[in-house]
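Below is one structure, written out as structure tokens; the observations come after it.
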Number of protein chains: 2
Amino acid sequence: MNKLQVIPLGGLGEFGMNMMALRYGDDILVIDSGMMFPEDELLGVDLVMPDLTYLRENVSCVRALLLTHGHEDHIGGVPLFLSELDVPVYGTAFTLALVERRLEEYPDIEEPKLHPIQPRQILEIGPFKVEFMHVTHSMVACVAMAITTPVGVVIHTGDFKVDPTPTDNELFDLHTLADYGKRGVLLLMSDSTNSDRPGYTESERAVRPRFEDIFNRAEKRLVFSCFSSSIHRIQQILDLSQEFRRKVAILGRSMNSVTEIAHNLGLLEIPDNILIRPQDIMDTPPNRVTLLISGTQGEPMSALSRVAVDNHKHISIEPGDTVALSSRIIPGNEKAIFRMIDHMARRGADVLYGSMNPPIHVSGHASAEELRLVLNLVRPRFFVPIHGEYRQMAKHIRLAEHLRSSGLEASFLLESGDVLELDASGARKAGRVTVGRVCIDSGSVDEVVEEMVIRDRRHLSEDGIVLPIIAINRHTGRTETLPEIVSRGFASAEDGSEFLQNARQVVAKTLETSTQEEKTDWGVMKEKIRADLKRYIVKETARRPLIMPVILEV
Amino acid sequence: MNKLQVIPLGGLGEFGMNMMALRYGDDILVIDSGMMFPEDELLGVDLVMPDLTYLRENVSCVRALLLTHGHEDHIGGVPLFLSELDVPVYGTAFTLALVERRLEEYPDIEEPKLHPIQPRQILEIGPFKVEFMHVTHSMVACVAMAITTPVGVVIHTGDFKVDPTPTDNELFDLHTLADYGKRGVLLLMSDSTNSDRPGYTESERAVRPRFEDIFNRAEKRLVFSCFSSSIHRIQQILDLSQEFRRKVAILGRSMNSVTEIAHNLGLLEIPDNILIRPQDIMDTPPNRVTLLISGTQGEPMSALSRVAVDNHKHISIEPGDTVALSSRIIPGNEKAIFRMIDHMARRGADVLYGSMNPPIHVSGHASAEELRLVLNLVRPRFFVPIHGEYRQMAKHIRLAEHLRSSGLEASFLLESGDVLELDASGARKAGRVTVGRVCIDSGSVDEVVEEMVIRDRRHLSEDGIVLPIIAINRHTGRTETLPEIVSRGFASAEDGSEFLQNARQVVAKTLETSTQEEKTDWGVMKEKIRADLKRYIVKETARRPLIMPVILEV
């Protein structure tokens, strides 16, 4: 059985939850274990991860989990993975620190075997030899992998762009990549996320002139929000705050813990005495303070969303304050984000966001010309685009067409579950394995998760579904009637039961105790209703039905 | 009572459904009567329009409805408006032709008083004198209005950009605008949609080089999709098809009727003998045909969506075909649009869309520098940003700040319902009037509407709500169980009733008769389930409950 199998278990033909298996005989390596945020349709679900059935069925063959970098779509599924597959995990120290942070919520996983690796380090695992290569991305400490197998070398890029001026001055290791290309590569698997963008993606430093401009103009408080993992971005905000003599307060749980991790690992330089405590913000002159805060996507319970509706303990937006969202708008989040921006504009803040050029955000993924550069350096015999939806992988294959005259034999457009088989005689699709999604329901994403409840939706029939239906008058914010509760497959909620009457009161109370402003923000309201009703139902019945608040406008 | 009241009834602080009233004593002029597409949360509703309560209560004062241009967010509400308020309607011939097209669906409105106007024409209506001025936009035949009132001149821009090279060579009438500015303007109301974009918006002709490039490269069929009202865009596609010796087939109801209207009015030049019938597409050599097709937003029943899942009578996408979406992605539609693109990529088409530069789409709304140009020409005493969400109107007010030294006394950020009062002594906010939204439920947007059902959601309690709940396995596309139906306030749907059992069978049958591909596209499935179930319920009960399909992934 001298065949190598490439088995994408997630992230090909769908955005997020990246996971790839390489199998040779009885040895399986897994690259990344990511999650994705659910689509709108999956009301009531917080996270989605790949189905692990294939790995579970081959548990004795799984040798290791290799991580490319610490973004949620690459490590968010590690806890669930480790609760089923007790194998060693390899990644950079920063990536593993982010994994450890997630693992804190899973006390059942007692002794995870986390092994930090360095770029250029080589691991031997069964028949595989894995070399890690540093790549640049919107995050620090990211790696690609060159995996030497008995049938040839496989290169997996992870997520990357070719940033000529990363803020940490750690350049993309093009030399090692070129070396492999020179010696001959069987298969390249490369990040397709931005294959539909022409040209080059801007460097992480491209935001600096615009940031300087913002610091120059700001006369009052400066509020910066970005992904907590955007260490490049945070470094520049800290540097400029130092330069402009502003103190920095960090708000939001993820922003605090990730900056601390990066600082401890020497990946983030925090100037001496620059940090102040959140409770000191309002006592510091407005023109002497910068806030770093999480919540760019308008997540209902994030620090920034709470600031926007003036529901944060330590800060109130005041007229003249500047708020900059240094992040992209993830499709599907527009309405939540724009509502949040409108709330802040209403309080008199000047809010800077995506569409304003020059950019206050740049992408972390390679555009067409960078993808071509990597293709040309590697010159693979076979090519498989990874990380992207169908249209992006299809574009990426078009970008590789010119290599036909330089040794490229074939490109394969695989979707999650497709198996590609490679051996001495070539490569071919060879069947499918079980893939799918597992839905996970937690308290909420960005706040302290009181308990992590993992429920496969297949068991929906066991716990049933509860739909609280609320009629809200959007303009007055008033509810027109007592909330209705509809359910199926949830026995306690029989019509007219005391339980159901009380549940309606629980929802009514949530509505009463919400501010006028919260009521106009349906994202916040649904989350509050869901959290309160869930607490009540778990207490009363010890069951966990899916709760889907429906808000009707009247 | 020598006061002018400016009363926005829709479109300020919300995107779409623009409507503005001007009142002096007992005379009211209304500018535009638009609709908006509902937000995701309004499941089961097709259109949303402003509440007409204020006009209804002052019906004897309403003198006329003035239309700036024919986009749906400015004329979509005209039928409902006319069914309650029988007043004369003024607009350009093209705008009125689009209104007539909408009115065909409302046979109750027997003799609408539609009066075509020309730019530079002046109307006297009660105490008002209205002059129309040609403006450029993504559509042809658009006007701004200068309304001379007893307290001063009010200018309403409608939607505009300052296009230096419109395809019809009709330039923005900056001269008349400047003239008014010279003589003194009391109040300017100006389009804020793109106030958060720096610089200038590109001309409609900016897409031409990219279109040429597409024609040059295409070796097989060329499929162009744009809004049916984008006459500038359609003209360029026709011209290039002529130049490249391709015949043109027009697909989709709205695309056919709007091009016909524009052609009849001399606004669209259709080269002789260029059109072919849809049934002749597949018999014409692929490199000799261009398709013009509606459905850029992935609307489930549009021509393009049907083509994407290979469910169109006259065309099948084949490998090597090129599909170009010359339109923006309206926020909220991303998922439907990208699913449609993925379907076409799967059939081997090269799909060109939004993010690919140079642009195949340009905006129709003025960016910051154009807005400043209009502000500087008009030099108003008071300024009210219109057409935009809060953040965009707030930005627009910032753009006007420099005029403080040139006579601007105050800017007012009004939201729908706020009343602004102007008289000799100045301007001030003066209370609110009733505003709100009315939800309209129709069969579907782009297809023949079998019956137009207008139901105010306030009457939800009369007709109730029905939620068909379907569990679909996304990967296999199989439904796991017989569909469930949950309802409230809809008496016929008692648990265990025969009616309910039959309704479940109706939904089950919809699922059975759908193709595998349709089943993976929830937008299509929800629309089909809703349409079929609605037909059944209306037939059986003559009632029209709100139907909200819920699809669960298992």
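Here segment B:28-57 is the region considered, the condition is being in contact with a helix residue (DSSP H, G or I) (Cβ under 6 Å, 6 or more places away or on another chain) and among the acidic types (Asp, Glu), and the residue that is modelled with the lowest pLDDT is B:GLU41. The set of residues in segment A:480-498 that are surrounded by fewer than 18 Cβ atoms within 10 Å (Cβ to Cβ), modelled with pLDDT of 70 or more and not acidic (Asp, Glu) comprises A:LEU482, A:SER497.
For A:GLU517, the criteria (1) within 14 Å of chain B (Cβ to nearest Cβ); (2) more than 25 Å from B:VAL466 (Cα to Cα); (3) modelled with pLDDT of 80 or more hold in every case but one, which is (3).
Screening A:ARG63 with (1) in contact with a helix residue (DSSP H, G or I) (Cβ under 7 Å, 6 or more places away or on another chain); (2) assigned to a strand (DSSP E or B); (3) open to solvent by 10 Å² or more (accessible area, probe 1.4 Å) gives one miss only, at (1).
Scanning segment A:401-416 for residues that are farther than 21 Å from A:THR149 by Cβ and not acidic (Asp, Glu) turns up A:HIS402, A:LEU403, A:ARG404, A:SER405, A:SER406, A:LEU413, A:SER416. Of all residues in segment B:355-380, those that are open to solvent by 40 Å² or more (accessible area, probe 1.4 Å) and either at the interface with chain A (Cβ under 10 Å from one of its Cβ atoms) or under 17 Å from the mean Cα position of the chain (by Cα) (or both) total 4. Which condition does A:MET393 not pass, out of (1) assigned to a helix (DSSP H, G or I); (2) away from chain B (no Cβ under 14 Å); (3) open to solvent by less than 10 Å² (accessible area, probe 1.4 Å), if it passes all the others? With (1) assigned to a helix (DSSP H, G or I); (2) away from chain B (no Cβ under 14 Å); (3) open to solvent by less than 10 Å² (accessible area, probe 1.4 Å) applied to A:MET393, the lone miss is (2). Consider segment A:330-347 and keep the residues that are within 22 Å of the chain's Cα centre (by Cα), assigned to a loop (DSSP other than H, G, I, E, B) and more than 8 Å from every other protein chain (Cβ to nearest Cβ). The one that is farthest from A:GLU299 (Cα to Cα) is A:ILE330.
Let's see how each residue does on (1) open to solvent by 50 Å² or more (accessible area, probe 1.4 Å); (2) out of contact with any strand residue (DSSP E or B) (no Cβ under 8 Å at 6 or more places or on another chain):
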site: B:LEU85; (1), (2): no, no
site: B:TYR106; (1), (2): no, no
site: B:GLU111; (1), (2): yes, yes
site: B:ILE125; (1), (2): no, no
site: B:VAL130; (1), (2): no, no
site: B:MET139; (1), (2): no, yes
site: B:VAL143; (1), (2): no, no
site: B:THR149; (1), (2): no, no
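Within segment A:167-201, restricting attention to residues that are assigned to a loop (DSSP other than H, G, I, E, B) and in contact with a helix residue (DSSP H, G or I) (Cβ under 6 Å, 6 or more places away or on another chain), the residue that is surrounded by the most Cβ atoms within 10 Å (Cβ to Cβ) is A:SER192. Would it be correct to say that A:SER425 is closer than 20 Å to A:VAL153 by Cα and of a type in the set (S, T, N, Q)? For A:SER425, the condition - closer than 20 Å to A:VAL153 by Cα and of a type in the set (S, T, N, Q) - is met. In segment A:418-434, is there at least one residue being under 22 Å from A:THR193 (Cβ atoms), at pLDDT 95 or above, crowded, with 17+ Cβ neighbours inside 10 Å and touching a helix residue (DSSP H, G or I) at 6+ places or on another chain (Cβ under 9 Å)? No: zero hits. The single condition among (1) farther than 28 Å from B:GLY417 by Cα; (2) modelled with pLDDT under 80; (3) in contact with a Phe, Trp or Tyr (Cβ under 7 Å, 6 or more places away or on another chain) that A:GLU540 does not meet is (2). Restricting to segment A:160-197, name every residue that is at positive phi and of a type in the set (S, T, N, Q). Selection gives A:ASN169 alone. Sub-7 Å Cβ pairs linking a first residue in segment B:129-144 that is more than 25 Å from B:GLN236 (Cα to Cα) to a second residue that is open to solvent by 10 Å² or more (accessible area, probe 1.4 Å) and assigned to a strand (DSSP E or B), at least 6 apart or interchain, are B:LYS129/B:ILE122; B:LYS129/B:THR148; B:VAL130/B:ILE122; B:VAL130/B:LEU123; B:GLU131/B:ILE122, ordered by first then second residue. The residue that is nearest to the chain's Cα centre (by Cα), counting only those in segment B:413-435 that are assigned to a loop (DSSP other than H, G, I, E, B) and within 12 Å of chain A (Cβ to nearest Cβ), is B:SER416.
Among the residues of segment A:66-119, those that are under 18 Å from A:MET19 (Cβ atoms), part of a helix (DSSP H, G or I) and not aliphatic (A, V, I, L, M) comprise A:GLU72, A:ASP73, A:HIS74, A:PRO79, A:PHE81, A:SER83, A:GLU84, A:THR95, A:ARG102.
Applying the criterion of being within 22 Å of A:GLY16 (Cβ to Cβ) and open to solvent by 40 Å² or more (accessible area, probe 1.4 Å) to the residues of segment A:301-329, the residue that is nearest to the other protein chains (Cβ to nearest Cβ) is A:ILE329. Residues in segment B:535-554 that are outside any loop (DSSP other than H, G, I, E, B) and either within 14 Å of chain A (Cβ to nearest Cβ) or free of Cβ contacts under 8 Å to residues at least 60 places away in the same chain (or both): B:ARG535, B:TYR536, B:VAL538, B:LYS539, B:GLU540, B:THR541, B:LEU546, B:ILE547, B:VAL550, B:ILE551, B:LEU552, B:GLU553. Given the criteria buried (at least 16 other Cβ atoms within 10 Å of the Cβ), out of contact with any Lys or Arg (no Cβ under 9 Å at 6 or more places or on another chain) and closer than 18 Å to A:GLU518 by Cβ, does A:LEU292 qualify? Considered against the rule, which asks whether it is buried (at least 16 other Cβ atoms within 10 Å of the Cβ), out of contact with any Lys or Arg (no Cβ under 9 Å at 6 or more places or on another chain) and closer than 18 Å to A:GLU518 by Cβ, A:LEU292 comes out as no.
All of (1) farther than 26 Å from A:LEU96 by Cβ; (2) open to solvent by less than 20 Å² (accessible area, probe 1.4 Å); (3) in a loop (DSSP other than H, G, I, E, B) hold for A:LEU268 with one exception: (1).
The values are calculated or read from the model by the stated rules, or taken from the named source; none is laboratory data. Everything quoted here is computed from the prediction, not taken from an experiment. Quick reminder, even Gly has a Cβ in these numbers, built from the backbone with ideal geometry, and neighbours come from all protein chains shown. Each accessible area value is taken on the protein alone, full model and side chains, heavy atoms only, with ligands, DNA and RNA left out. Shrake-Rupley method; radii C 1.70, N 1.55, O 1.52, S 1.80 Å.
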